[in-house]
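The values are calculated or read from the model by the stated rules, or taken from the named source; none is laboratory data. As the structure is a prediction and not an experimental result, all values here were calculated from the model. Here Cβ is always computed from backbone atoms with ideal geometry, including for glycine, and neighbour counts include all displayed protein chains. These area figures cover heavy atoms from the full protein model, side chains too; ligands, DNA and RNA do not enter into them. Shrake-Rupley method; radii C 1.70, N 1.55, O 1.52, S 1.80 Å.
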Number of protein chains: 2
Amino acid sequence: MASVAVIGAGAVGSYYGARLAQAGHEVHFLLRRDFDAVRTGGLTVESKDGDFHLEAPLVHRSSAEIGAVDWVLCALKATALEAARDLIAPCVGEGTRIVLLMNGLGLEEQFATWFGAERIFGGLAFTCINRDAAGVIHHIDYGAVTLAHLLDDPAALADGLALWAGARVSVEAASSLLRARWWKLLWNIPFNALAVTAGGITTDRIMGDPALRAAAETLMLEVVAAGNADLGAHGQPLLDGPREVAAMFAATEAMAAYRPSTMIDFVEGRPTEVDAMFGEPLRRARALGVATPYLALVTAQMGALDGARRP
Amino acid sequence: MASVAVIGAGAVGSYYGARLAQAGHEVHFLLRRDFDAVRTGGLTVESKDGDFHLEAPLVHRSSAEIGAVDWVLCALKATALEAARDLIAPCVGEGTRIVLLMNGLGLEEQFATWFGAERIFGGLAFTCINRDAAGVIHHIDYGAVTLAHLLDDPAALADGLALWAGARVSVEAASSLLRARWWKLLWNIPFNALAVTAGGITTDRIMGDPALRAAAETLMLEVVAAGNADLGAHGQPLLDGPREVAAMFAATEAMAAYRPSTMIDFVEGRPTEVDAMFGEPLRRARALGVATPYLALVTAQMGALDGARRP
């Protein structure tokens, strides 16, 4: 059994940490706002795969109190990137590895400059998880994680898969982190952007409005084009655009009315992950000379919407 | 001196009606919400061209009370189109002419089906006018009106100009209503769309954000392309795209921080003029086979934002 620190125990971090705890791992949760509620009432997961409850999860107010662990699950928002290094450092010992359960492009590379590339994994959760009351996680739909190593090292990846072997999470290994990140953006960019810019709406509203649905498809095709240019430049296998786009739309069609993470951040007045989710993909597309006009427009809108709430 | 009925005495209608009253015309204002305030306190115009006050403007609660006039100034929102016919009909006698001080494409054609094309004029106000308290109009910037006749009849147009001859309003005759309408959309489409979709921001914020400014320019160029296709199909003189775009940006640069009308409607929770300002231009572009991807995206966003407030 491994020791695990969950840094950024929001909905996603809490859910996957709870799944590892359920599997018998020693999981430490770094909590702020929910500390008292979770210490008193434990952690409840209402999951479409079966509810469960952690009676007495290991909760902490500081990472120093947790100390060095085998694995860090970092599920911070990309907007908290400035704080990430200090929050994680106390949990990093010689053999510690770090999985970024985060959205966006280029974050693993940033973490590598702090902690070394060999430690860094990307964990891409294609899932619908929201948090309601403190200590209560709703796992609404999907839930699989795609795991990849920053250096695409097969041995490291095997270690990563081993962590999840006994947990009730479907974990798939990806041989290319870069490809996996662009694949995730195929969904995140159109559905987060349109859910926000069309007024804070759920995915079913986008799917049900022919004009918004067409815009989502255009955005997705732009992400395919940019991603494949980036992948090609790095000698990585390309995305099969038509197949992936069809699969993303089929999955979204089958989804319950879902509030994408950025839409929730937006309607709740929190900073949104604009730079990692939109800014960095757009910068790469431009550097590679790929035309992404819709991505440029929604990035401008998202940036302005986000900036409007800053002091 | 002519008799005039102002139907839709919001900021724009009140301002131009007051200018005609100041010039000595017999101007009747149809009022609802502001009736008592204006009857008691008159109409105050705080204008960058000099303030003035109408002590006892002719105010009415119903158009029937006004009866037939020489000129109707219709400054209703395009969203009030269903009510327009009934509101205007009592003011229409044999020789009555109707000037639409409204935004959007295709409205004059609609009015023509009700009242006859020979009566219908388009009045395009390129101006910054807001209403603050009831009976107080702020004329912030610009103020010129471009006047055109639906049938582009020079004699009718001369009559229209004559109405304004003594008023402190700069009125320019346009020989093509269709061209004037597309010209107005060059500004209205980008600045209204981006002011709304970027979160309810003023024009200076768009001008000061390189990404939004670039998006505004792309939108404007799409409107030029669609407009010129429409104008060409109707044998009308085309817009000089580069020159008009440069002029629009220069004018907006010089403008005070301005809240475009649709942005005000949006932030105040009122219906927005989506169909006349975005939907109809997009339909025409599509019918003419002109690619207008940004217009399609912002129209989808504006439609969803507008629809989200309907029951």
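Filtered by the rule that a residue be surrounded by 24 or more Cβ atoms within 10 Å (Cβ to Cβ) and either within 14 Å of chain A (Cβ to nearest Cβ) or part of a loop (DSSP other than H, G, I, E, B) (or both), the range B:160-191 gives B:189, B:190, B:191. Kindly indicate whether residue B:247 is more than 14 Å from chain A (Cβ to nearest Cβ), under 22 Å from the mean Cα position of the chain (by Cα) and surrounded by fewer than 19 Cβ atoms within 10 Å (Cβ to Cβ). In short, yes.
For the range A:208-223, filtered to residues that are surrounded by 19 or more Cβ atoms within 10 Å (Cβ to Cβ) and in contact (Cβ under 8 Å) with a residue 40 or more places away in the chain, the residue that is nearest to residue A:182 (Cα to Cα) is A:223. Within the range A:268-311, being surrounded by fewer than 22 Cβ atoms within 10 Å (Cβ to Cβ), outside any helix (DSSP H, G or I), away from chain B (no Cβ under 13 Å) and touching a residue at least 24 places away in the same chain (Cβ under 8 Å) holds for A:270, A:271, A:288, A:289, A:290. Per this entry, residue A:253 is counted among residues that are surrounded by fewer than 21 Cβ atoms within 10 Å (Cβ to Cβ), among the charged types (D, E, K, R), modelled with pLDDT under 95 and not assigned by TED's automatic domain parsing to the domain that holds residue A:126. When we screen B:43, B:20, B:58, B:30 for residues that are within 25 Å of residue B:161 (Cα to Cα) and open to solvent by 20 Å² or more (accessible area, probe 1.4 Å), the only hit is B:58. Taking (1) touching a residue at least 24 places away in the same chain (Cβ under 8 Å); (2) open to solvent by 40 Å² or more (accessible area, probe 1.4 Å) in turn, residue A:52 satisfies each apart from (2). When restricted to residues that are among the β-branched types (Val, Ile, Thr) and under 17 Å from residue B:22 (Cα atoms), the range B:38-71 contains 4. The lone criterion from (1) at pLDDT below 95; (2) open to solvent by 10 Å² or more (accessible area, probe 1.4 Å); (3) over 17 Å from the mean Cα position of the chain (by Cα) left unmet by residue B:142 is number (3).
Let's see how each residue does on (1) farther than 30 Å from residue A:271 by Cβ; (2) at pLDDT 95 or above:
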residue	(1), (2)
B:181	yes, yes
B:191	no, yes
B:196	no, yes
B:199	no, no
B:217	no, yes
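In the set B:212, B:231, only one residue is within 19 Å of residue A:301 (Cβ to Cβ) and assigned to a helix (DSSP H, G or I); that residue is B:212.
Checked against (1) open to solvent by 20 Å² or more (accessible area, probe 1.4 Å); (2) of a type in the set (A, V, I, L, M); (3) touching a residue at least 40 places away in the same chain (Cβ under 8 Å); (4) part of a helix (DSSP H, G or I), residue B:263 passes all but condition (1).
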